[in-house]
Amino acid sequence: MDLSLLLPDHFQFTDQHIGESTIQIGLIATQNVGCCPACQTPANQVHSFYQRTLTDLPICGKAVSLRVHLRKFFCRNSNCTRKIFAQTAPAYFCPYDRRLNRAEQPLQAIALQTGARPAARLCALTSQPVNYSTLLRISHKTVVQTQHMPKRVGVDTFAFRKGRRYGAILIDLDRHQPIDVLPNREGKTLEDWLGLHPGIELITRDRSSVYANAITTACPQAVQVADRWHLLANLSEVMERFLDTQERTSTSQSWQLCQHLIRLGQTCH
Ligand SMILES: [Zn+2]
């Protein structure tokens, strides 16, 4: 099997191992000149070699991994803080990445279309096993481009990692598309974002005062709407708390009615 035509430019094929479900390909970089990332000075004095393992697109249903041998160079610029730097190939992979750019792009598209967990299951079926948390990280690299200035938006809390780190997501309600993700759920951050997006006429939000105060401060002209999901969620929580205080045996009829309402609310979520 001649794999050379499928490989990145400036890499030479060294060996291959074809297993039952995987293909391992050895490569060595052919460029013997590097560019220091700190001072941009070209260098050709080799310090050592190092190896990286990168995932590529699957071939014939087999997962492909590349064992890439790269150089480390001395930086001879006496004013530079870097004395040694590693060779890279940014056209094909980024520093610290574990897969080629061309293998990451389809994963990003699948994750954005389906969500991280369904995407992980789909990728496993297409010989691209990847953890859902990795898919989340890949999704976060997406550059959201918007030329459109939204008029009606929704803001809600967004979990980067459930229970650990939260942000806020902004949705364009007219286009039904996410338009931005804020690094936290603090009111000041939302205020700053709204300051950069004038002309918003309507904002849906949860019922907490954090977002409400931020919206009132940044764009007092906007109509604020408590969204249906949070209204129903709050209704269910209040009714469950109320029912917990009641004697179930003595209020059977009202108890059944309330349970029915809770189920109805949960279904509408
Ligand atoms: Zn340098």
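The values are calculated or read from the model by the stated rules, or taken from the named source; none is laboratory data. All values reported here derive from a predicted model rather than from experimental measurement. Virtual Cβ from ideal backbone geometry, glycine too; neighbours counted across all protein chains shown.
Taking the conditions (1) surrounded by fewer than 16 Cβ atoms within 10 Å (Cβ to Cβ); (2) away from the ligand (no atom under 16 Å from the Cβ) in turn, N79 satisfies each one other than (2). Of all residues assigned to region 202-219, none qualifies as being modelled with pLDDT of 90 or more, surrounded by fewer than 17 Cβ atoms within 10 Å (Cβ to Cβ) and within 23 Å of the chain's Cα centre (by Cα).
Could you please give the count of residues in region 101-128 that are on the phi < 0 side of the Ramachandran plot and touching a Pro at 6+ places or on another chain (Cβ under 7 Å)?
Our first condition is that a residue be on the phi < 0 side of the Ramachandran plot; within region 101-128, this holds for 101-114, 116-126, 128.
Narrowing further to those that are touching a Pro at 6+ places or on another chain (Cβ under 7 Å): 123, 126, 128.
Within region 101-128, residues that are on the phi < 0 side of the Ramachandran plot and touching a Pro at 6+ places or on another chain (Cβ under 7 Å) number 3.
Kindly evaluate I28 against the criterion of being touching a Pro at 6+ places or on another chain (Cβ under 9 Å) and either within 22 Å of P95 (Cβ to Cβ) or of a type in the set (A, V, I, L, M) (or both). In short, no.
Residue-by-condition table, conditions (1) touching a residue at least 60 places away in the same chain (Cβ under 8 Å); (2) of a type in the set (D, E); (3) part of a helix (DSSP H, G or I):
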| residue | (1), (2), (3) |
| --- | --- |
| C80 | no, no, no |
| A89 | yes, no, no |
| C94 | no, no, no |
| E104 | no, yes, yes |
| L107 | no, no, yes |
| P118 | no, no, yes |
| Q128 | yes, no, no |
| S133 | no, no, yes |
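Reported count of residues in region 1-46, each being surrounded by 11 or more Cβ atoms within 10 Å (Cβ to Cβ), free of Cβ contacts under 8 Å to residues at least 40 places away in the same chain and part of a strand (DSSP E or B), is 7.
When T189, T142 are checked against the criterion of being touching a residue at least 12 places away in the same chain (Cβ under 8 Å), more than 18 Å from I215 (Cβ to Cβ) and either in contact with a Leu (Cβ under 6 Å, 6 or more places away or on another chain) or of a type in the set (S, T, Y) (or both), T142 stands alone in meeting it. Within region 54-76, the residues that satisfy the criterion of being outside any strand (DSSP E or B) and away from the ligand (no atom under 16 Å from the Cβ) are C60, G61.
Does region 34-42 contain at least one residue that is more than 16 Å from the ligand (Cβ to nearest atom), under 29 Å from T134 (Cα atoms), assigned by TED's automatic domain parsing to the domain that holds T88 and modelled with pLDDT of 90 or more? No. Checking each residue in region 138-153 for being part of a helix (DSSP H, G or I) and exposed (fewer than 13 other Cβ atoms within 10 Å of the Cβ) picks out only H140.
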